[in-house]
Every structure is written in C-alpha cells, then in structure tokens.
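Have a look at the structure below before the remarks.
The values are calculated or read from the model by the stated rules, or taken from the named source; none is laboratory data. Small disclaimer: the values here were computed from a predicted structure and weren't measured. Counting neighbours? That spans all protein chains shown, and the Cβs are built from the backbone with ideal geometry, glycine included.
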Amino acid sequence: MSAAAVEHPERPASKSRAMTLTEAADMFEDRMPGYRVEIIGGQLLVTPPPDGPHGDVLTDLMVPFLAAGLHGKQSRLIQGIGLSLPEGPEDYAIPDLSLVDSDYGEHRAENGCYDPACFRLVLEVTSNNYKQDLRTKVATYAKAMIPVYVIVDRKHKRLHVLTDLTEEAYATHRVHAPGEVVSLPDLIGATVSLDVGQILEVGDPAPS
C-alpha cells in the first residue's frame, strides 16, 4: 500500500463544524497504529508502516553521523521528529531521520513539532510512497529552508543529495549510483561520507 492523500473528513451533519486537519490526523493516528500521518500542502498523508529493510538501512545510516560526533553537545540525530512546515497553519512532516541543533527543545512549535530553523538535515528512505519523497517533499523541505535533504531511493537504486537553497528551491540536486562514496556538505557540522552501494544493498526490499 502506498501513501495516500486522504479527503478531509467531516463530522456528522448534527455537528456544528467540520473536523480540522489536525483533528483528522489525530483520529487516523488513533485508529491506525504504526502508520505515519502528515499534513503537507493542506493534504492529509497516511503512510503504512515500513518494511524491515527500511528500518535496517535507517539504522545503518545513523552510524557515520554518530561516528562524526553529530549526536552530542552541538547537534542531535533523531528519528521521526515532527517538523513544522510554513505552507499552512496545520502543516507538518515527519522525516525518517533528522539532524537538529542540540537546543531543539527551545524551538517547539504546534502539535508537538519543532521549528524548521533548528534542522540541519532531513533524510527520507523511500517505501511505496517514493513519489512523495522525490517530488512533494523536495519542494516542501526547500520552502521550510532545510539546508540539506537526502533521499535513499530504494526503487530506482539511487541516493539523492539536495543542497544550496535559493528562494523555496534547492539549486543543487545530485543523484548518486552504487559505487560512489558521497561526502555531505560540511555545513551540517562535520564530515560525513555515505557508501551508496552499501546503503542500497542493506535497504533492498527484495534482495536476490
């Protein structure tokens, strides 16, 4: 099952007002444990739980960041932290992995999310919802001014690194194939290198 944009549900006619997107998101989270619920561009996105290799590669991806000292006094590496988005008053995303300033707790926003100003990098590992990660979230994270966006595209076996923000867009979008070792921009706080082939092998949903 892929991620789905869900129509805005309304309360029964006897009620005096329609359900807000935030209320709808809370309802889906209660009724569908394990699913990821986000509001992006005024749409409610509901994504099924990922498979094992998705979580496996996500754990492997944390290793070079930890080795570089990026989970310490200056920054923290966090899975599934809510990112408040500027596109709408209720909009938020939940990246698979985020590198944030260590004082992120001082940047708490609405709905248990955090202001994008404290995010240095976000990373997504694709599942069946790969179009969201490769298209929708590229524009979304650029508008939120996230300096670095990394996508592990398991479907097409590529690793994307988006950097160099301009007005609401990434000026640089590099696509890397197995056999390459990619160095992320030092602006994240340290030198981190990613072995594309190794990452994609671990994350392969259908290994040979």
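Tell me which residues, restricted to the range 161-181, are closer than 22 Å to L66 by Cβ, buried (at least 16 other Cβ atoms within 10 Å of the Cβ) and of a type in the set (A, V, I, L, M, F, W, C).
Within the range 161-181, V161 is the sole residue that qualifies.
Please verify whether V196 is surrounded by 14 or more Cβ atoms within 10 Å (Cβ to Cβ) and in contact (Cβ under 8 Å) with a residue 60 or more places away in the chain, treating the condition exactly as stated. Don't jump to the end; show me each part of the working.
Details: surrounded by 14 or more Cβ atoms within 10 Å (Cβ to Cβ): yes; in contact (Cβ under 8 Å) with a residue 60 or more places away in the chain: no.
Criteria not met by V196.
Name the residues in the range 121-143 that are more than 23 Å from D56 (Cα to Cα) and surrounded by fewer than 24 Cβ atoms within 10 Å (Cβ to Cβ), would you? Don't jump to the end; show me each part of the working.
First, the residues of the range 121-143 that are more than 23 Å from D56 (Cα to Cα): 135-136, 138-143.
Selection gives R135, T136, V138, A139, T140, A142, K143.
If a residue counts only when it is modelled with pLDDT under 85, out of contact with any His (no Cβ under 7 Å at 6 or more places or on another chain) and aliphatic (A, V, I, L, M), which strands (runs of 3 or more DSSP E) contained entirely in the range 1-60 have at least 2 such residues?
Working: elements: 4-6, 36-40, 43-47.
Those strands (runs of 3 or more DSSP E) span 4-6.
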